[in-house]
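Below is one structure, written out as structure tokens, with a few remarks after it.
None of the figures in this text is laboratory data; all of them are computed from the coordinates on show. From a predicted model like this one, the values you see are computed outputs, not experimental measurements. As a convention, Cβ positions derive from the backbone with ideal geometry for all residues, glycine included, and neighbour counts pool all protein chains shown.
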Amino acid sequence: MKSIFDQTDRSSIIERIEAIDSNHTANWGKMNVYQMVKHNVYRNDWILGNGRFTYYHAFIGKIFGKMVLKKMIKDEKPFDKSIPTSAPFKIKELDGDLESDKLKWISTIIDYKDFDNPDFIHDFFGKMTKEQIGILVYKHCDHHLRQFGL
């Protein structure tokens, strides 16, 4: 199973991020390429604990989260195209410094080699093992890169 904690898998994600340019358009979803990159920077900072984040486990997640997580990470199958984005992770700005944000995203990917955030609680899935986080982060990055044909 691919994981963001595996050096080869991290390198593969970084190579794909480096290939992003402003001409990429989404094959599905509502984000443009800048919003997708910014979304991934913010989301990875959240998981890594880079910044001031309040972690909580939403009520609906307490009911269904573990079951959904198990289904999402049980195999190599990519995420479905129709997965909704939680409100805090929706990027409203339509444009910005794409190259700078690509470098920030790459930096967060590199930071997973020293991952240590015992306080992390996913808003839907709740407390997760390091193995679950590694698979989920890899699949999330892969999902958005595939969204833009990368």
- In terms of the charge dipole of the chain, which places +1 on Lys and Arg and -1 on Asp and Glu at the beta carbon, the residue among L136, Y55, L69 farthest towards the positive end is L69
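Suppose every K and R has +1 on its Cβ and every D and E has -1 on its Cβ; what is the size of the dipole of the chain about the Cα centre, in Debye to the nearest 20?
Working: 23 positive and 21 negative charges, 155 e Å.
Dipole size: approximately 740 debye.
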- Task: Round to the nearest 10 and give me the degree value, 0 to 90, for the angle of helix 7-18's Cα axis relative to the longest principal axis of the chain.
- Result: 40 degrees
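Among rounded, prolate and oblate, which fits segment 1-130 when a ≥ b ≥ c are the square roots of the eigenvalues of its C-alpha gyration tensor, a/c under 1.5 means rounded, and a/b larger than b/c means prolate?
On the way: a/c = 1.44, a/b = 1.32, b/c = 1.10.
In terms of gyration-tensor shape, rounded.
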- Task: Let me know the longest stretch in the chain that avoids all GluC sites (Glu not before Pro) found in a DSSP loop with at most 16 other C-beta atoms within 10 Å.
- Result: 1-75
- Message: Given an 8 Å cut-off on Cα distances and at least 6 residues of separation, report the relative contact order of the chain as a percent.
- Response: 50 percent
- Query: Quick one: putting +1 on the C-beta of Lys and Arg, -1 on the C-beta of Asp and Glu, what dipole do you get for segment 5-90 around its Cα centre, in Debye to the nearest 20?
  - Reply: 560 debye
- Task: Rank I83, I109, I91 by mean-square fluctuation in a GNM of the chain with C-alpha springs under 10 angstrom and give only the top-ranked residue.
- Result: I83
- Item | Proximal lysines to K81, defined as alpha-carbon separation beneath 17 angstrom and excluding residues fewer than eight positions away on the same chain | K30, K71, K90, K139
- Item | In segment 12-49, the trypsin sites (Lys or Arg not before Pro) that fall in loop regions by DSSP, at most 16 other Cβ within 10 Å | K30
- Query: Could you work out the helix-only [θ] at 222 nm for the chain, with each DSSP H run of four or more residues adding -39,500 (n - 2.57) and the total divided by the number of residues, to the nearest 500 deg cm²/dmol?
  - Reply: -16500 deg cm²/dmol
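Among the trypsin sites (Lys or Arg not before Pro) within segment 53-89, which fall in a DSSP loop and have no more than 13 other Cβ atoms within 10 Å of their own Cβ? Don't skip to the answer; put the middle values down first.
Details: sites: K62, K66, K70, K71, K74, K81; in loops: K74, K81.
Counting only loop positions with at most 13 other Cβ atoms within 10 Å, the trypsin sites (Lys or Arg not before Pro) in segment 53-89 are K74, K81.
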